[in-house]
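The values are calculated or read from the model by the stated rules, or taken from the named source; none is laboratory data. Predicted model only: the values in this text are computed from it and were never measured. Neighbour counts run over all protein chains shown; Cβ positions are idealised from the backbone, glycine included.
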C-alpha cells in the first residue's frame, strides 16, 4: 500500500502523559498536513510542512503540541501533558505541493483517548 | 476563507442519483471547489475538484453555475457503500476548512 500511513491507529493514555504519533506520507509528496477531528465535526487544520519546514500553525496548536518533519519525509506530532480535551482523531495528509489546490491524500488517522 | 453551507443529512435508495448542493456565496475569484468523502473511522477521501462549469470523473460529477455561488455534487446510481459524510470545501490555499458536511444514508 503506497498511501499515507499513520501509527499507532489507536492510543489510550492517562491525563498528563505525553504521546507521540507518526505519519508516513506518500513518497515524493513534499507537503504534509496535520488535522484534528472530534466526533460529529469535520477535520480542523493544525499545521503543515513543505519538506522539513513548518510553514503554518493553527491557533489550535497550543504550546503542548509540537510537530516535526526532520528529514522532509515522515512527521511526528507530540502532545505533552495530555488533557481530556485532546481526545480526538488526529489525521495526517500529504500532497505533491506547489499549488494551493493540490489534492490532499489522508491517512487513516490515530484515535487518541485521554482518560 | 469562504464559508460553505450544505444540508446536514440526506437519504436515498440504492440505484438512485444523489445531488448534494453546497452554497458558497462569498467565493473568491481564485477559489477552487473540492469535495471529500469520509467513512467512519477513516480519513477523508478526495472525490472531485472544479473551478467552473462541469467536471466529471469515474465516481462523480460536479456542477458549478456561472456565478460560482453554489456547486452540486452528483453521485450516479448510489450503492450502500456510498453511505458516508460528504464535505464541500472552497479554498485557494493548502489550509482546508471543513464544515460539518452532509451525512448521506443509502437504503436498500
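At a glance:
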| item | result |
| --- | --- |
| Residue match in the range A:41-57 (condition: without any contact (Cβ under 8 Å) to a residue 24 or more places away in the chain, more than 25 Å from residue B:99 (Cβ to Cβ) and assigned to a strand (DSSP E or B)) | yes |
| Odd one out for residue A:11 among (1) away from chain B (no Cβ under 13 Å); (2) modelled with pLDDT under 95; (3) closer than 25 Å to residue B:40 by Cα | (2) |
| Scan of the range B:67-108 for residues that are crowded, with 19+ Cβ neighbours inside 10 Å, away from chain A (no Cβ under 14 Å) and out of contact with any strand residue (DSSP E or B) (no Cβ under 6 Å at 6 or more places or on another chain), ordered by number | B:68 |
| Residues that are crowded, with 16+ Cβ neighbours inside 10 Å and not in a strand (DSSP E or B), drawn from the range A:101-115 | A:101, A:102, A:104, A:107, A:108, A:109 |
| Residue in the range A:69-88 that is within 13 Å of the chain's Cα centre (by Cα), within 14 Å of chain B (Cβ to nearest Cβ) and surrounded by 13 or more Cβ atoms within 10 Å (Cβ to Cβ) present | yes |
| For residue B:11: the one exception among (1) surrounded by fewer than 16 Cβ atoms within 10 Å (Cβ to Cβ); (2) part of a strand (DSSP E or B); (3) within 13 Å of chain A (Cβ to nearest Cβ) | (3) |
| Residue list for the range A:22-35, filter: more than 11 Å from residue A:97 (Cβ to Cβ) and surrounded by 22 or more Cβ atoms within 10 Å (Cβ to Cβ) | A:23, A:34, A:35 |
| Evaluation of residue A:64 against (1) farther than 21 Å from residue B:99 by Cβ; (2) touching a helix residue (DSSP H, G or I) at 6+ places or on another chain (Cβ under 9 Å); (3) surrounded by 17 or more Cβ atoms within 10 Å (Cβ to Cβ) (one fails), failing number | (3) |
| Residues that are surrounded by fewer than 17 Cβ atoms within 10 Å (Cβ to Cβ) and part of a loop (DSSP other than H, G, I, E, B), drawn from the range A:1-21 | A:1, A:2, A:3, A:8, A:9, A:14, A:15, A:16, A:17, A:18 |
